[in-house]
Amino acid sequence: MQLHYQILDNQTLHVPTLGEPTLNQNPPLVLLHGLFGSGDNWGTVAKHFAQQYQVISVDLRNHGKSPHSDSQTYVDMANDLLELCDRLNLARIHLLGHSLGGKTAMQFATHYPDRLEKLIVVDMAIRTYPDAYTHMIDAMLAVDLSTMQSRSDVDKALISSIPHTMVRQFLLMNLIRTENKLAWRINLAALRNNYPHMIKAICENAHYEKPSLFIRGERSDYVTDTDINHLKTHFINAEFASLPTNHWVHAEQPQAFIEVVQNYLAKN
């Protein structure tokens with residue numbers, strides 16, 4: 001099967017890195033964030049695991065400080081990661097992804113299994129998801145930043161469309177000031193155009209036989225019992241864990257999350 005993939009014009013992903021490359025001879029731990037996020041979202045988790053692993057917190061394309069592109073498919077993102085591994089001479093990695101990053105991690109695992117040691121997916125299944133974020137992207141695009149003086153001004157402009165304070169605060173982490181003007185760091189136009197693809201099912205005909213761990217939030221509806229049964233048919237050696245959280249498992253229960261991941265990575 002021919003895979004269509006748009007490269008990032010010879011630009012490379014932004015990848016903040018902690019820890020030593022050869023520490024205990026462990027494969028590096030690569031972290032993939034969710035939609036609207038960046039590698040910075042993994043702060044506490046990255047700092048902890050940097051004591052044992054080289055930790056690479058990737059900014060996916062069109063996010064964080066990584067390059068922008070008109071295309072954002074899971075094939076694109078998995079191949080971005082493959083290019084990164086080749087550039088850094090990483091023969092094998094541990095891969096941990098949340099939400100959008102979780103689907104990207106599953107795409108990478110099923111297409112490049114030889115490059116993985118262990119796979120960890122956080123609160124994400126294979127299936128197609130309902131459209132939950134187009135209205136947020138539209139609201140962000142609708143804000144006339146040229147008339148805004150501060151983050152607080154943008155926050156007020158978004159209240160009617162995005163009433164949840166914590167959600168707005170998360171989105172506003174993407175607001176930067178350039179040449180004394182406010183701008184969105186993420187590529188909102190590309191996310192808007194590619195979002196219908198990003199919510200579609202993936203890996204429907206693929207199987208992955210290496211060890212994998214799926215962690216879900218008990219109060220989240222992203223991974224249901226039906227999803228777990230579905231995942232078991234594609235990820236043959238999968239383990240499953242649940243934590244008392246909503247969708248942001250690693251942010252809501254960082255210590256419990258770290259313990260689950262650490263125990264899994266320590267297994268032979």
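Before moving on, here are some points about what is shown:
- Sequence-separation-based contact order of the stretch 46-167, relative, with Cα cut under 8 Å and 6+ spacing, percent: 15
- Highest-first arrangement of 164-174, 247-257, 60-70, where packing means the average Cβ count within 10 Å: 60-70, 247-257, 164-174
- Averaged over residues, the count of other Cβ atoms within 10 Å places the peptides 99-112, 79-92 in the sequence 99-112, 79-92, highest first.
- Under 5 Å between amide hydrogens, built in the peptide plane, is the criterion, and for residue 235 it picks out 208 among residues at least 5 positions away or on other chains.
- Take every Cα pair under 8 Å whose residues are at least 6 apart in sequence, average their separation, divide by the length of the chain, and the relative contact order is 18 percent.
- Farthest toward positive dipole pole in the stretch 134-195 [+1 Lys/Arg, -1 Asp/Glu at C-beta], among 135, 195, 146: 195
- Amide H contacts under 5 Å for residue 30, placed H, 5+ residues apart: 56, 94, 95, 96
- Rounded to 0.05, the FRET efficiency of the residue 192 and residue 246 pair, given R0 = 22 Å and the Cβ-Cβ distance, is 0.35.
- The local environment of residue 208, defined by Cβ-Cβ distances under 14 Å, has a net charge of 0 under the rule Lys, Arg +1 and Asp, Glu -1.
- Label-point separation in nm, residue 145 to residue 201, each point 7 Å along Cα→Cβ: 3.7
- Evaluated at q = 0.07, 0.11, 0.12 Å⁻¹: base-10 log I(q)/I(0), Debye formula over Cα of the chain: -0.24, -0.60, -0.72
- This model, with +1 at the C-beta of Lys and Arg and -1 at the C-beta of Asp and Glu, gives the stretch 134-195 a dipole about its Cα centre of some 140 debye.
Every read-out reported here was derived from the displayed coordinates using simple, explicitly stated rules and does not represent laboratory data. In this text, all values refer to a predicted model and were calculated from it rather than measured experimentally. Positions of Cβ are backbone-derived with ideal geometry, glycine not excepted, and every protein chain shown enters the neighbour counts.
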